[in-house]
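Read-outs throughout are calculated quantities, based only on the coordinates presented, and are distinct from any laboratory measurement. Since the structure is predicted, the reported quantities are computational estimates derived from the model, not experimental observations. Reconstructed Cβ throughout: ideal geometry from the backbone, glycine too, with neighbour counts over all protein chains shown.
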Amino acid sequence: MTLDSTDPLYQTMSSSTASVTDKQGTHGLFVSMPTIDMDQDQTTAARLAEISEANLSRWQALKKYPYAWFCVSAMIWTLILTSFESQAGGVVFSIPQFRKHFGHQIADGSYVIEAKWQSMFSGIPLAAQIIGLWIGSFLSDRFGRRRVAWCAVLCTFAFVAVEFDAKNVQMFLAGKTCNALMLGIMQPGCVSYIADVAPQALKSSATILTNFTFVIAPMMCFFINYFLTDRGEDDAWAYKALFASQWGFAAISIVWLFLIPEAPTYYVVKGEHEKAKAAMLKILKDEKAAGEQLHIIEMTVAEAKVFAETTSYKDLVSKGNYRRTLISILGFVSHPFCGVYFTGNYTTYYFQLLGYDDKKSFRFTLGSQTISITGCIIAMFICKIVGRRPAMIWGMIALMINDLIVGVCTVVKGVSAQKAAVAFMMLYGGVYNAGAGSLAFAIASENATSALRTKTIAMGWTWENLFGMMWSFLLPYIFNPDKANLGGKTMFIFFAFSFVLVILLVLFQTETMGRSFDEIDELYASGIPMRRFASYKTKVDKTKTGELFETGSVKDVGMVEHLEKTDV
């Protein structure tokens, strides 16, 4: 069914897109915006096409735009690379041969990495990754998402070689730190590219798969290491094989990134219209759809032109954006304080300290990673069915309970309590990824303004890594048997922090399921409490019920509901 110029919906959309002089434009910054001189018919047609695209199912979108998903998958694979390389540098602590080569012997005859060096192995590379996030955010906006990611991946070949050939702890730390800097540089651009290029019907799935990369990569690490646990106690290949496998991941990324175009949004911001048109056409393989989507991008960029070239990180905390920044960052900050940095890095070592042999410990860890992947898959359905707010709040409550159970089971002595502690340590990843773990990227992408999205993601990741770095320095002294030796009782600390996070989420977590970026702008502009977003009726909601129709007729409500319903 098509709309003509006499249709009430056409009139409503035309009038709403004719000017962008409202107090808050598409990007949510409170500035006086110039009127954008664009063809209203073309704009209306593009908006309707966008709504129609959102109404496609995931499978329909994949069949219609396979190359767009190919491009998104290239960035998802690159994020798997970043996660794999980060995880490989942490998993080695649980490998006996690595601890023997780089550690010292304790009273019971086993080997441990000195707490000072263990802290530096974790903390200093995280600091480098934080710096890389800021550098990557700047470089991606200046030179392009794909180009920066490709160059950073290329550099990892050399720095992984330093880790691989390390003869002492100093050399290993140098290689790991330089490699972490490159990983940080490529991450913001990868996430922004995914948000820019993914078809409307696949945006939520694509952003959730961003978190999936941080689950599948550890699974690969533990899987590789599982088959190396039988090697001799002096065989360095028990851990070097992990480093060598990073070259394989990087080689695939180098080729894949070379085959995809730059994000059209980057070219539009740079004023290179022909390149943007060519990139969009290559991605969508449909001239009409490419033209409509490019028009939407150009209109969005034009609305933001007054500040797009002058935005800085201080704009994240400006009067018009601090709430958007707060909720975008809260999801990232919840990660290091709910316990995942402990369970992610110390699970295998924890199982070994409980008395399980290396082979069985790694089997337990492989099981926990399988549960984590299941959690990621569940998250794709949960966020669509129940929404962001319930999934985040109840997910954090579940993590809080999980933390408490592990801590209590560690205090209570006995075989049954020990088995329960192991079971809930294994279950943790699944609970985490079904809620808070997977949704942070989706929430940040949806709540951040378009002009500040890359900077917001970089800021969120920065805070997560800053607090992660803090735990990287503290946990060896809290957990290690030659220090405080808290073991599983460490989870009591994260139980307390999770309780605080639940309160913050109840007060501030927004609900943006099914909302377009324009609607989200309107929600923030309304000034209502963020926890009440779900009940607020936007202009689109009123259009669905015919409240905005000048004629007062509701004869097209059924059609409007079909067009406006999104699958995000």
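Data for the structure
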{"quantity": "Around Gly291: net Lys/Arg minus Asp/Glu count, Cβ-Cβ under 11 Å", "calculated": "-2"}
{"quantity": "Val506, Val112 arranged by Cβ crowding within 10 Å, fewest neighbours leading", "calculated": "Val506, Val112"}
{"quantity": "Residue order, fewest to most surrounding Cβ atoms within 10 angstrom, among His335, His104", "calculated": "His104, His335"}
{"quantity": "Charge tally in the Cβ shell below 15 Å around Val317, where Lys, Arg are +1 and Asp, Glu are -1, Val317 excluded", "calculated": "+4"}
{"quantity": "Highest average packing first - 324-333, 456-465, Cβ atoms within 10 Å", "calculated": "456-465, 324-333"}
